[in-house]
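Heads up, the thing below is written out as structure tokens.
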Amino acid sequence: MAMEYYEGVGRRKTAVARVRLFSEGDGGFVVNDRQLDEYLSRHWDVLHAREPLEATDTENRFTVSVLVKGGGIRGQAGAIRLGVARALLKFNPDLRPVLRKGGFLTRDARVKERKKPGLKRARKAPQYTKR
């Protein structure tokens, strides 16, 4: 028999995380075949990624498996967070108020603004010289 899991996709900046919550869980958290705290070096990022599980008291109920690509470490942590929250919603739709209140279901749409022609960066213009 195949193991049952709940899947959620999270995105942040250019990072995309495909999260699977396996129901026969022991609380393990694996990202790209490495332990979470080994993959995300900053303690804050580890806490950030685990937040939805802690808010819903489901830390030791699932084994979490994540495949994350693109972006930087911070963006990947945010993508994992959203993916975990969406997967929890598929597991139990009654968790929506708790996840919504914590802000875990809101996609952070902020991305890097593109560089415009004639400017040095997205908005920085060359210095004005009168003569």
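Values for this structure:
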read-out: Checklist (1) over 12 Å from the mean Cα position of the chain (by Cα); (2) modelled with pLDDT of 95 or more; (3) surrounded by fewer than 13 Cβ atoms within 10 Å (Cβ to Cβ) applied to Arg131, failing item; value: (2)
read-out: When residues of the stretch 1-36 are limited to those that are polar (S, T, N, Q) and in contact with a helix residue (DSSP H, G or I) (Cβ under 7 Å, 6 or more places away or on another chain), the one farthest from Arg110 (Cα to Cα); value: Asn32
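The values are calculated or read from the model by the stated rules, or taken from the named source; none is laboratory data. Everything numeric here is computed off the predicted structure, so don't read it as measured data. Positions of Cβ are backbone-derived with ideal geometry, glycine not excepted, and every protein chain shown enters the neighbour counts.
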